[in-house]
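S.K.: Pasting in a structure now, in structure tokens, and then I'll have a few things to ask.
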Amino acid sequence: MNPRSPIKCLPPYTARAKEKVLQVIPADSTFSVIESGDNSLMAVGTSFGKGGHPIYNGFGFKPPAEIAAEMADPGWASFSAEVLPKYAGDYIILTSDSETLDELQADPIWGALPAVKNNHVFLWTSERSGYWDPIAILSQTEELAAWLAGL
């Protein structure tokens, strides 16, 4: 864990949320935390908000093995839609201010991803996911735990 990570101040709540999530989601499931912007995609690791802190540090999930090193250093990766399958885990946390789940399902690249087919995509706006202060991380942890436990 990043020693400067704000998630360190939340261990009791995070532990309870993790326990709740792991009752529903297998611990070896892979997760991708992705931000979609103006014709670009970015996968993020633990240090850039967007849900990375709760997913990777709090719940202990990992990104797809093929991109794990890239997510550790430098902690993010910009990529094009053509290589999206390489970056897509079993579950996707997607920050987008313009796309809907229906649009993703209709898109030939997104729609072919198992996470999209299985409705394992959590879509939120940058207003909800962009911050990574302790209060925002607590809120993100709560929101993501509720979504995952409800699957």
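S.K.: List the pairs whose first member sits in the range 67-79 and is modelled with pLDDT under 85 and of a type in the set (A, V, I, L, M), whose second member is surrounded by 12 or more Cβ atoms within 10 Å (Cβ to Cβ) and not in a helix (DSSP H, G or I), and whose Cβ atoms are under 6 Å apart, counting only residues at least 6 apart or on separate chains?
M.R.: Correct list of pairs: MET71/GLY45; MET71/PRO63.
S.K.: With the requirement that a residue be of a type in the set (Lys, Arg) and not in a loop (DSSP other than H, G, I, E, B), what does the range 21-80 give you? So that I can check it myself, show each step before the final result.
M.R.: Of all residues in the range 21-80, those of a type in the set (Lys, Arg) come to 50, 62.
Scanning the range 21-80 gives a single hit, LYS62.
S.K.: Please verify whether the range 5-28 includes one or more residues that are touching a Lys or Arg at 6+ places or on another chain (Cβ under 9 Å) and aromatic (Phe, Trp, Tyr).
M.R.: No: zero hits.
S.K.: Hey, any hits in the range 119-136 for a residue that's of a type in the set (Val, Ile, Thr), assigned to a helix (DSSP H, G or I), over 14 Å from PHE31 (Cβ atoms) and open to solvent by 80 Å² or more (accessible area, probe 1.4 Å)?
M.R.: Our first condition is that a residue be of a type in the set (Val, Ile, Thr); within the range 119-136, this holds for 121, 125, 135.
Right, trim to assigned to a helix (DSSP H, G or I) and you get 135.
Then drop every residue that is not over 14 Å from PHE31 (Cβ atoms), which leaves 135.
Then keep just the ones that are open to solvent by 80 Å² or more (accessible area, probe 1.4 Å); that gives 135.
Yes, the conditions are met somewhere in the range 119-136.
S.K.: Then there is this: Checking ASP90 against (1) out of contact with any His (no Cβ under 7 Å at 6 or more places or on another chain); (2) surrounded by fewer than 23 Cβ atoms within 10 Å (Cβ to Cβ), only one condition comes out false. Which one?
M.R.: Against the list (1) out of contact with any His (no Cβ under 7 Å at 6 or more places or on another chain); (2) surrounded by fewer than 23 Cβ atoms within 10 Å (Cβ to Cβ), ASP90 comes up short only on (1).
The values are calculated or read from the model by the stated rules, or taken from the named source; none is laboratory data. This structure is a prediction, so every number in the text was calculated from the model and none was measured. Cβ atoms come from the backbone with ideal geometry, glycine included; neighbour counts cover every protein chain shown. These area figures cover heavy atoms from the full protein model, side chains too; ligands, DNA and RNA do not enter into them. Shrake-Rupley method; radii C 1.70, N 1.55, O 1.52, S 1.80 Å.
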